[in-house]
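The values are calculated or read from the model by the stated rules, or taken from the named source; none is laboratory data. Quick caveat: nothing in here was measured; it's all calculated off a predicted structure. All Cβ positions, even for glycine, are placed from backbone atoms using ideal geometry, and neighbour counts span all protein chains on display.
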Amino acid sequence: MTETDQQGIDPARPVPDIRTALPGPEGQKVLDRDGAVTSPSLPRAYPLVPKRASGSTMEDVDGNLFLDLNAGIAVNSTGHTHPAVVAAIKEQADQLLHYSASDFYLPIYSQMCAALAETLPMEGPTRVFLTNSGAEAVEGAIKLARYATGRQHLISFFGAFHGRTYGAVSLTASKSKYHKGFGPLLSGVHHVPFAFAEIDENGHRSHDEEATFAELDRLFETEVDPSEVAAIFLEPVQGEGGYIVPPASWVQRLRALCDEHGILLVADEVQSGMGRTGRMWAIELADVQPDILISAKGLASGLPLGAFAARAELMEKWGAGAHGSTYGGSPIPCAAGLATLRTIQEEGLLANATTIGDQLLTGLRELQAKHPEVITDVRGVGLMIGVEFRDAATAAEAQNQAFQRGLLVLDCGVRTIRMSPPLVFTAEEATTALRVLGEALAALEA
Ligand SMILES: Cc1ncc(COP(=O)(O)O)c(C=O)c1O
């Protein structure tokens with residue numbers, strides 16, 4: 001029995017295969033109910049109504065097949081319903097659904113912490129705290145950074161996205177609507193320019209490293225003494241802000257600045273981590289070690305699991321009761337997380353992310369050469385790829401044309417669509433994705 005048979009998706013059908021108008025009749029029923037009862041705050045990109053999925057194939061409630069380059073927003077790292085992950089979940093479900101690791105000793109909790117610690121880009125001992133989501137891990141990291149340093153101020157970047165809870169949303173500066181109506185936000189948060197990625201008249205992206213450091217100088221000179229800054233929160237590849245890869249030298253300068261002033265460098269690897277860039281952690285691309293690292297999304301292939309890890313010496317500063325979580329590191333997400341870490345290693349998924357990412361980048365640059373008026377930039381590393389369009393409306397239309405043809409991509413930044421397929425994405429699937437995107441672009445220009 002193949003993996004595809006297991007999920008009930010007909011392996012004989014090509015992918016994508018769209019058989020109804022989108023949304024189809026069954027999908028429309030879901031949309032109608034959803035529209036009446038759910039919070040209107042949910043952003044909703046387009047009317048995709050998933051029923052089941054396997055690998056990089058998604059079937060909707062009307063039997064349409066999609067090629068999934070979203071992976072549930074960079075979550076289904078080992079592909080949808082990977083047999084090893086599903087088996088680990090089932091085995092754990094038969095044994096123990098829940099007991100709070102905050103108050104008692106779950107074997108699988110410390111097993112997960114140890115397995116994650118082995119992958120961390122940090123020399124020396126580390127400690128790990130498990131959460132239910134990315135935002136919850138960001139909150140924990142904020143608390144730890146303040147607690148361990150005894151300092152209040154926090155710095156993050158324009159374009160940053162760290163989540164929706166109060167601390168995380170205060171660090172976020174990608175869209176003003178994330179803040180609108182919610183003030184006052186967490187105090188002591190400051191934003192400075194990310195490694196700016198401007199496009200010159202030849203279409204080349206240039207990095208203005210100086211903007212960041214000039215603004216940090218100004219901040220330290222006029223508003224906040226650096227000795228009162230607890231941490232700089234950095235996405236080693238900016239996600240929601242547009243899939244922007246900063247130069248290694250810029251990340252290294254940030255590290256040096258943190259060292260100079262005793263500021264902690266926190267790598268938010270919720271989107272960029274767990275192998276997405278072809279490295280386990282994207283900060284490895286710059287050969288820099290963070291003091292605290294945050295993970296979630298791909299960590300458990302689809303089950304709610306997040307983590308923040310820190311140099312042991314930092315986490316050992318807080319004592320019993322300073323931080324906890326009823327569900328964080330619950331047994332089933334931990335089982336999925338352990339299976340995910342194993343699968344990434346056993347199936348060579350880091351190397352696959354690099355190989356298939358290069359194939360996609362090459363193909364996308366060919367598409368850019370064919371449609372220079374439409375695509376203004378192609379960038380990324382591994383399977384974290386952004387395609388920037390001439391304006392937001394064109395990016396939205398490209399996303400829609402791709403969806404109508406069964407290719408799932410998602411906008412980010414101002415005028416970019418992101419590709420973050422499962423790390424099991426194959427060469428054949430990449431070829432298909434490029435063909436379908438080419439058709440979507442042709443339709444856009446027609
Ligand atoms: C870099 C980054 N940090 C934090 C978060 C928040 O994670 P969650 O949605 O699991 O709370 C996200 C979500 O997109 C993210 O991309």
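List of remarks:
- All conditions in (1) more than 12 Å from the ligand (Cβ to nearest atom); (2) within 19 Å of the chain's Cα centre (by Cα); (3) under 23 Å from residue 343 (Cα atoms); (4) surrounded by fewer than 24 Cβ atoms within 10 Å (Cβ to Cβ) hold for residue 158, with the sole exception of (3).
- When 365, 342 are screened for being more than 22 Å from residue 50 (Cβ to Cβ) and not assigned by TED's automatic domain parsing to the domain that holds residue 160, only 365 passes.
- So residue 283, is it within 12 Å of the chain's Cα centre (by Cα) and either buried (at least 21 other Cβ atoms within 10 Å of the Cβ) or in a loop (DSSP other than H, G, I, E, B) (or both): no
- Residue 130, sole failed condition from (1) in a helix (DSSP H, G or I); (2) touching a Gly at 6+ places or on another chain (Cβ under 8 Å); (3) among the aliphatic types (A, V, I, L, M): (1)
- Checked across the range 151-173, the condition of being modelled with pLDDT under 95, of a type in the set (Gly, Ala, Ser) and assigned by TED's automatic domain parsing to the domain that holds residue 304 holds for at least one residue.
- Restricting 61, 30 to residues that are of a type outside the set (D, E, K, R), in contact with a Gly (Cβ under 7 Å, 6 or more places away or on another chain) and farther than 23 Å from residue 437 by Cα narrows the list to 61.
- Breaking point among (1) of a type outside the set (Lys, Arg); (2) touching a Ser or Thr at 6+ places or on another chain (Cβ under 8 Å); (3) modelled with pLDDT under 95, for residue 8: (2)
- When residue 263 is tested against (1) away from the ligand (no atom under 16 Å from the Cβ); (2) surrounded by fewer than 23 Cβ atoms within 10 Å (Cβ to Cβ), only condition (2) is not met.
- The listed residue being surrounded by fewer than 17 Cβ atoms within 10 Å (Cβ to Cβ), closer than 20 Å to residue 325 by Cβ and of a type in the set (Phe, Trp, Tyr), out of 109, 105: 105
- When restricted to residues that are more than 16 Å from the ligand (Cβ to nearest atom) and over 30 Å from residue 251 (Cα atoms), the range 290-337 contains 10.
- Of the strands (runs of 3 or more DSSP E) lying entirely inside the range 1-72, the ones with 3 or more residues being surrounded by fewer than 18 Cβ atoms within 10 Å (Cβ to Cβ) are found at 50-54.
- Set 125, 121, 107: member being free of Cβ contacts under 8 Å to residues at least 12 places away in the same chain and away from the ligand (no atom under 16 Å from the Cβ): 107
- Every pair of residues 6+ apart whose Cβ atoms lie under 8 Å, when the first sits in the range 264-286 and is on the phi > 0 side of the Ramachandran plot while the second is of a type outside the set (Lys, Arg) and part of a strand (DSSP E or B): 274/295; 278/381
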